[in-house]
Amino acid sequence: MRKKRHQRAVVDKKKGRNWETLHSEILASIFIRIPPHEMLKRVPFVCKSWNEVVLGPHCWQDIDVSVRCEIRSHNDPDKVDRVLEKLVKRTNYTARQLCTFDMGPRGFSSITNCGSCLISLIMPVGNITDDMVLKYIKPLPNLKYLDISYCFHITHKGIAAFGNNCKSLYNLKRCMPSIPFEENSSPEDDSEAKAIADTMPNLRWLQLCSGKFGKLGLFEILAKCKLLTHLDIYESWNVDLNNAEFKSITEKLRMFLY
């Protein structure tokens, strides 16, 4: 009885895959799956070509430092901005997406220099004021998604500045801290709702959880943002949900959360 032969694959090291010769964009598509801080610490030391890819713009066009607790420090509030400045500069100001917490004026100024390249800007809990927005904002013609939740120093003035400079915006998230209904004592303030209605007519998705706006502010949004399909006003207690006219308008939306 013949014994079965077990063939063992032999890999010729000389004919093995030469990672150094891969195109920089292909290598970048692999490296971006690695957390940014790990990419900076390990990848550049493998070989010269890998170091060049990490130093180039292709690895940094989608910047997400929201999970990097190391860069968030109450003792050094400028640390986030310093990291963002370096990363945005490394992209040659071609960043497409940015997600971060605690961004300040230097970081905001850097990311707005990306101009038409920027598509998504997620900056909740930012240390940005109306004056900073008005000072540093530049036309962002291709920005489609903006998250300015919990940015307590941005008011209707900053929102209007975003709207006037982001003409392609179709998804806005502006959520504020939750307040129980029985503790709600804030008066109606429709200024932010009116700023959205006047400057962001192309919105499709809008999240305004725990907003201070009332019926008039919401009606302006529904009247002027005619492309709106998804609206979330959860815990916005100043809106009378029993209003018949209000119900007839919101029935046209694909999704309405309140």
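Tabulated data
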item	result
Taking ARG174, ARG33, ARG90 and counting other C-beta atoms within 10 Å, the order from fewest to most	ARG33, ARG90, ARG174
Alpha carbon Rg of the chain, scaled by the compact-globule rule 2.2 N^0.38 Å	1.32
Amide N of segment 180-194 lying under 15 Å from the label point, which is placed 7 angstrom from the Cα of LYS215 along Cα→Cβ	188-190
Spatially proximal aspartates and glutamates relative to LYS212 (Cα-Cα < 14 Å; intrachain offsets below 8 disregarded)	GLU183, GLU188, ASP189, ASP190, GLU192, ASP232, GLU235, ASP240
Cα-centre dipole for the chain with unit charges at Cβ (Lys and Arg positive, Asp and Glu negative), debye to 20	2540
In Hz, Karplus ³J(HN,Hα) per residue of segment 239-254 (6.51, -1.76, 1.60; θ = phi - 60°; x = Gly, Pro)	8, 7, 6, 8, 5, 5, 4, 4, 5, 5, 6, 6, 5, 7, 7, 6
Anisotropy class of segment 128-179 from Cα gyration tensor, a/c 1.5 cut	oblate
Peptides ranked, highest mean first, by Cβ atoms within 10 Å: ranges 109-116, 191-198	191-198, 109-116
Residue exposure sequence - ARG254, ARG204 - by fewest surrounding Cβ within 10 Å	ARG254, ARG204
Candidates ASN164, ASN202, ASN51: whichever shows maximal mean-square fluctuation once the chain is modelled as a Gaussian network with Cα springs under 10 Å	ASN51
Positive dipole terminus of segment 172-247, leading residue within PRO201, GLY217, ILE233 (C-beta point charges)	PRO201
Qualifying GluC sites (Glu not before Pro) for segment 204-258 [loop in DSSP, other Cβ within 10 Å: at most 10]	GLU251
Relative exposure of MET39, MET103, judged by other C-beta atoms within 10 Å (fewest first)	MET39, MET103
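Just so you know, all these numbers are worked out from the coordinates, no wet-lab data involved. Nothing here was measured: the structure is a model prediction, and the numbers come from that model. Glycine gets a Cβ as well: all are built from the backbone with ideal geometry, and neighbour counts include every protein chain shown.
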